[in-house]
Amino acid sequence: MALKINRRDIDFILYEQLDVEKAYAEIDDFKDFTREDYDMVITEAHNFALKEVEPLNAIGDTVGAKFENGVVTLPQEFKDTYRKLTENGWASIGSSPEYGGGGFPTSVGIAASEAFTAACVSFMFTVGLSRGNCAVIEEFGTEEQKATFCEKLTSGEWSGTMCLTEPGAGTAVGDLSTRAVKDGDEYLISGTKCFITSAEHDLTDNIIHLVLARVEGAPKGIKGISLFIVPKNRINEDGTAGEPNDVVCGGIEHKMGLHGSPTCVMNFGENGRCRGQLIGEENKGIVYMFHMMNEARISCGLQGLAQGAACLEYARQYAHERIQGVDIREMRNAYAERVPIVNHPDIRRSLMLMKSYTEGLRSLILFAALQTDLLKSGDKAVRDKADDLLAILTPVIKGYGTDIGFKCADLAMMVHGGYGYTAEYPVEQQMRDVKAASIYEGCNGIQALDLVGRKLGMKGGMALMSYLMDINQFVAANEKHESLAPLFKQFTAARDALVGCVTQFQQLGATKEVLIPVLNATPFLNMFGHVVLAYNLLQQAVIANEKLDAIFDEKDAADDEAKNEVVKDSPNATFYHNKIKTASFFIFNVLPEVSSIVAAIRNADRSALDVILDY
Amino acid sequence: MKTIVLIKQVPDTETKVKVNPGETDINREGINLVLNPYDEFAAEEAIKIKEAKGGEVVVCTLGEKKAEEAIRTALAMGADRAIRLDGEAFAGSDNYATAKALAKAIEKEGDYDLILCGKQAVDDDSAQVGTLVAEMLGIPSASLVINCEVGDGSVTITREIEGGNQELEIAMPCLLTAQKGLNEPRYPSLPGIMKAKRKKLDVLSAGDLGLGADEAGAAGSKTAIKELSMPPERKAGQVFEGEPEEIVPKVAQLLREEAKVI
């Protein structure tokens, strides 16, 4: 079954919904690009992903990463494709031109990456981590550090990692115990990190670790953490990789999925010879690391989107091929024609859930990518606004977005029936591979706490207010819409319920019932996600409605019969018609869950807090 | 060494083709257009020759502005510059008129050693333009080439023939049409795409080529499409149930009278 990427939807979002051409024409870094450039990059990146990267997926799953004597080896096909991919520039679409990157906007990079991620996510981690690692050095490193590392990380000659987690400090990163002792210009690093992705492999001849560690005498907690560049091999005078730096892989995890991605235990300085360079100032490491973390969290959401959308396309193809049963209205007729399962209402409902979730999420992620690009605007007000929106939306994209990925894999498997559970069809691997996205980069429970505990009240609630005001403005402009008014009515009710819940949390926060918002953070994130997705789908429906009417006018389709013909015959009309149906489906079938979630939260039930669980 | 590559932009091979009744072109709405896959082999070969022997690769096509996407693909692969033939005068060109325009453009360009193109375009599958261009230029040509070694003043090629291969040595300048297997076309890379933006692209009209009003487009064509239609849909098969003695005569009768195959 062929992997398909919904390019039409990507183009719709970039050019018809977000109008990125106009937005980027006003930003110096991007003003020389044209739509032709964006289109060609996305086309050729997708082409490469489907032809060269997709075949790695099954190999990565069945052969996987192998660990022996401290060395991790990946399948030969991974090495060959890594070389080709980096040579062709696909590892650095959005990286700085100063270091050899393409300098493209984040949205274009994300649009291209959807195909790479769907094709073989376990292969792409090394590339994504190197990019994030390089961005931290670029932002906070010294000129010398930039000169030493950035070009090689951009070209893919070296790869990068982020080393946070320790056996005793996962979610509570402030408890970490890796030590750094000043020794001349550098520091001696010692400690053990675990769950480190791509920390040991044979794709590159050096691996640059960004390690969080505590300098001797630093304060406890996250305010005493510093960030270090720790190369696997020390750097020679001429900038090449030199002797080993006492960084040793102690083993790799045997995981449910992502077999092609080595998840490593890393021992730093077992022999007291591991040297690291400080980034920026001591004790500010967590701030620098969050630069990488925020990007990584959006990448997690992209994983949910890419794999969820791949699952939709697999299921959609299967539903057209698989003949089973008769039309339900003919169930008593033994001679009735056997039909493809796409005719069955329950299958259509499943496909629509996947379609609305993934199309809403794609819109949300590309919107966030645009905000990342707007951080480069010359206008401070534009930058501040983008920063606020990113703060609010990042936990939604990470938490809600990765849940969507897994949900879609589940729905796709159900469409496939028993075959979906076998290794013969691709959704089984997608399901195992996407699960981890809801766990790493801050598990989804943490995302919910980030949203409820930090982001709602950020800047005295002004960040959230800024987003709500955009929503209100959009509603005010369209709520009397000729054909979409019922959708707006439903949406407005959900928005009001959300706002009511935020107010309830604020009130509870001031009382001894502060644990109620914490206890309900996950349902809140889910509800917030529903509203955000509905907002995105509704924006799309308004645009699609206008475009569809224009097509009807152009083709002189006045009555329903003529319109139906146009919708069937014209690919553009089909697309816009489906957009409106997708938004309607989500708003009438999923969004009403908001009121039940809000009702449950309003109960302020303490059972989960009061229950005795060590029974 | 100057190699000219003739290319065409065609609908993606995965396109679901629709034909509107009474029209002479397919319904192009929402169709994804790509560089003709056989022309990719031609472009790759030209770029490989340039890498080995030096010189330049010039891409040439007849097509509207949209065809510049296909040109940019070839430029991003590594071709040096491009010529696009465009203008009202070319509207309705058949294979003959297209070949004539391309041959004129090649003559104007001059000083070439080799012309490469795909063995056919995957849209109309007529496989005529390449060979016609060679005839019009009065140079030797070989079709269905699967191997190509450039020597001193000549090329040694292998071409597919029915039931086997044929090896030929051909004096340059000459024209070769590329068959699958000639090489493995490279992907346009990100740096290649960026470099392609700055490469020279000349647009020439029929007037620039010295073509008279009756030599280009529909007026200069030898053929015209009268109508396009979809192949008839296959009808569902008929199932006969019953004893063999009963149904065999029925089937035989239908095979004779309706299907007319016995």
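When you check A:PHE528 against the structure, is it under 30 Å from A:ALA172 (Cβ atoms) and buried (at least 21 other Cβ atoms within 10 Å of the Cβ), yes or no?
Judged against the criteria, A:PHE528 is a match.
Filter the range A:154-163 down to the residues that are in a loop (DSSP other than H, G, I, E, B) and under 22 Å from the mean Cα position of the chain (by Cα) and list them by number.
A:GLY156
Would it be correct to say that A:THR197 is over 21 Å from A:ARG234 (Cβ atoms) and in contact with a helix residue (DSSP H, G or I) (Cβ under 6 Å, 6 or more places away or on another chain)?
Details: over 21 Å from A:ARG234 (Cβ atoms): yes; in contact with a helix residue (DSSP H, G or I) (Cβ under 6 Å, 6 or more places away or on another chain): yes.
Yes; evaluated as a whole, the condition is true for this residue.
Tell me which strands (runs of 3 or more DSSP E) are completely within the range A:219-270 and hold 1 or more residues being under 18 Å from A:THR192 (Cα atoms) and free of Cβ contacts under 8 Å to residues at least 60 places away in the same chain, or say none if there are none. Please lay out each step first, then the result.
Details: elements: A:225-231, A:233-235, A:241-244, A:247-252, A:263-268.
Per the criteria, A:225-231, A:233-235, A:241-244, A:247-252.
Between residues in the range B:245-262 that are at pLDDT below 90 and residues that are assigned to a helix (DSSP H, G or I), which pairs lie under 8 Å by C-beta distance while being six or more apart or on different chains?
B:VAL261/B:LEU255; B:ILE262/B:ALA252; B:ILE262/B:LEU255; B:ILE262/B:ARG256
Residue by residue, here is whether (1) in contact with a Leu (Cβ under 8 Å, 6 or more places away or on another chain); (2) open to solvent by 10 Å² or more (accessible area, probe 1.4 Å) holds:
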{"position": "B:GLY92", "(1), (2)": "no, yes"}
{"position": "B:ALA97", "(1), (2)": "no, no"}
{"position": "B:LYS104", "(1), (2)": "yes, yes"}
{"position": "B:ASP111", "(1), (2)": "no, yes"}
{"position": "B:GLN128", "(1), (2)": "no, yes"}
{"position": "B:VAL133", "(1), (2)": "yes, no"}
{"position": "B:LEU137", "(1), (2)": "yes, yes"}
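Scan A:ILE298, A:ILE323 and give me the residue that is free of Cβ contacts under 8 Å to residues at least 60 places away in the same chain and out of contact with any Cys (no Cβ under 9 Å at 6 or more places or on another chain). Don't jump to the end; show me each part of the working.
Working: A:ILE298 fails: free of Cβ contacts under 8 Å to residues at least 60 places away in the same chain.
One residue alone meets the criteria, A:ILE323.
Could we say that A:ILE42 is under 20 Å from the mean Cα position of the chain (by Cα), among the β-branched types (Val, Ile, Thr) and surrounded by 15 or more Cβ atoms within 10 Å (Cβ to Cβ) here? Give the steps one after another, and end with the answer.
Numbers: under 20 Å from the mean Cα position of the chain (by Cα): yes; among the β-branched types (Val, Ile, Thr): yes; surrounded by 15 or more Cβ atoms within 10 Å (Cβ to Cβ): yes.
So A:ILE42 passes the test.
Could you run through the range A:292-337 and say how many residues are open to solvent by 60 Å² or more (accessible area, probe 1.4 Å) and in a helix (DSSP H, G or I)?
Summing the residues that are open to solvent by 60 Å² or more (accessible area, probe 1.4 Å) and in a helix (DSSP H, G or I) in the range A:292-337 gives 8.
Which count do you get for residues in the range B:172-196 that are within 13 Å of chain A (Cβ to nearest Cβ) and either buried (at least 18 other Cβ atoms within 10 Å of the Cβ) or touching an Asp or Glu at 6+ places or on another chain (Cβ under 7 Å) (or both)?
10
Say whether the condition of being surrounded by fewer than 19 Cβ atoms within 10 Å (Cβ to Cβ), within 14 Å of another protein chain (Cβ to nearest Cβ) and not in a loop (DSSP other than H, G, I, E, B) is met by at least one residue in the range A:50-61.
yes
Output the number of the condition that A:ALA213 fails; it satisfies all remaining conditions of (1) in a strand (DSSP E or B); (2) farther than 15 Å from A:GLU166 by Cβ; (3) in contact (Cβ under 8 Å) with a residue 12 or more places away in the chain; (4) small (Gly, Ala, Ser).
(2)
Could you tell me whether A:GLU77 is open to solvent by 60 Å² or more (accessible area, probe 1.4 Å), over 24 Å from A:GLU424 (Cα atoms) and away from chain B (no Cβ under 14 Å)?
no
Can you name the number of the only condition in (1) open to solvent by less than 20 Å² (accessible area, probe 1.4 Å); (2) within 26 Å of A:TYR400 (Cβ to Cβ) that A:LEU548 fails?
Checking A:LEU548 against (1) open to solvent by less than 20 Å² (accessible area, probe 1.4 Å); (2) within 26 Å of A:TYR400 (Cβ to Cβ), the one that fails is (2).
When only residues in the range A:164-201 that are β-branched (Val, Ile, Thr) and not in a strand (DSSP E or B) count, which is least open to solvent (accessible area, probe 1.4 Å)?
A:THR178
Name the single residue that is farthest from the other protein chains (Cβ to nearest Cβ) among those in the range A:15-36 being without any contact (Cβ under 8 Å) to a residue 60 or more places away in the chain and assigned to a helix (DSSP H, G or I).
Step by step, filter the range A:15-36, then rank; the result is A:LYS22.
Does the range A:233-246 contain at least one residue that is under 18 Å from A:LEU129 (Cβ atoms) and polar (S, T, N, Q)?
Within the range A:233-246, one or more residues are under 18 Å from A:LEU129 (Cβ atoms) and polar (S, T, N, Q).
Tell me the helices (runs of 4 or more DSSP H) entirely within the range A:512-604 that contain at least 2 residues that are within 14 Å of another protein chain (Cβ to nearest Cβ) and of a type outside the set (D, E, K, R).
A:521-554, A:560-569, A:571-585
Wholly within the range B:124-209, which strands (runs of 3 or more DSSP E) include no fewer than the required count, namely at least 1 residues that are more than 20 Å from B:ALA79 (Cα to Cα)?
Working: elements: B:141-150, B:154-161, B:164-171, B:174-178, B:201-204.
Once the strands (runs of 3 or more DSSP E) in the range B:124-209 are filtered for at least 1 residues that are more than 20 Å from B:ALA79 (Cα to Cα), what remains is B:141-150, B:154-161, B:164-171.
So, of the residues in the range B:111-126 that are within 11 Å of the chain's Cα centre (by Cα) and more than 16 Å from B:GLU40 (Cβ to Cβ), which turns out to be modelled with the lowest pLDDT?
Ranking the candidates gives B:ASP124 first.
With respect to B:TYR38, is the statement that it is open to solvent by 50 Å² or more (accessible area, probe 1.4 Å), among the aromatic types (Phe, Trp, Tyr) and more than 11 Å from every other protein chain (Cβ to nearest Cβ) true?
Values: open to solvent by 50 Å² or more (accessible area, probe 1.4 Å): no; among the aromatic types (Phe, Trp, Tyr): yes; more than 11 Å from every other protein chain (Cβ to nearest Cβ): yes.
No, not satisfied.
Taking A:LEU85, is it in a helix (DSSP H, G or I), within 14 Å of chain B (Cβ to nearest Cβ), out of contact with any Ser or Thr (no Cβ under 8 Å at 6 or more places or on another chain) and open to solvent by 60 Å² or more (accessible area, probe 1.4 Å)?
no
With respect to A:GLY100, is the statement that it is open to solvent by 30 Å² or more (accessible area, probe 1.4 Å), of a type in the set (Gly, Ala, Ser) and either within 25 Å of A:GLU36 (Cβ to Cβ) or within 14 Å of another protein chain (Cβ to nearest Cβ) (or both) true?
yes
Tell me, please, whether a residue that is buried (at least 21 other Cβ atoms within 10 Å of the Cβ) and more than 14 Å from every other protein chain (Cβ to nearest Cβ) can be found in the range B:66-80.
Yes, that holds for at least one residue.
Residues checked against (1) part of a helix (DSSP H, G or I); (2) under 22 Å from the mean Cα position of the chain (by Cα); (3) surrounded by 14 or more Cβ atoms within 10 Å (Cβ to Cβ):
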| residue | (1), (2), (3) |
| --- | --- |
| A:PHE406 | yes, yes, yes |
| A:MET413 | yes, yes, yes |
| A:ALA437 | yes, yes, yes |
| A:TYR440 | no, yes, yes |
| A:LEU449 | yes, yes, yes |
| A:VAL452 | yes, yes, yes |
| A:LEU487 | yes, no, yes |
| A:THR492 | yes, no, yes |
| A:GLN504 | yes, no, yes |
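If you scan the range B:69-87, which residues turn out to be touching a Ser or Thr at 6+ places or on another chain (Cβ under 9 Å) and among the acidic types (Asp, Glu)?
Within the range B:69-87, B:GLU69, B:ASP86 meet the criteria.
How many of the residues making up the range A:88-116 are assigned to a helix (DSSP H, G or I) and touching a Phe, Trp or Tyr at 6+ places or on another chain (Cβ under 6 Å)?
Summing the residues that are assigned to a helix (DSSP H, G or I) and touching a Phe, Trp or Tyr at 6+ places or on another chain (Cβ under 6 Å) in the range A:88-116 gives 1.
The values are calculated or read from the model by the stated rules, or taken from the named source; none is laboratory data. Here the structure is a predicted model, which is why all the values come from computation and not from measurement. Quick reminder, even Gly has a Cβ in these numbers, built from the backbone with ideal geometry, and neighbours come from all protein chains shown. Only protein heavy atoms, including side chains, enter the accessible area calculation; ligands, DNA and RNA are left aside. Shrake-Rupley method; radii C 1.70, N 1.55, O 1.52, S 1.80 Å.
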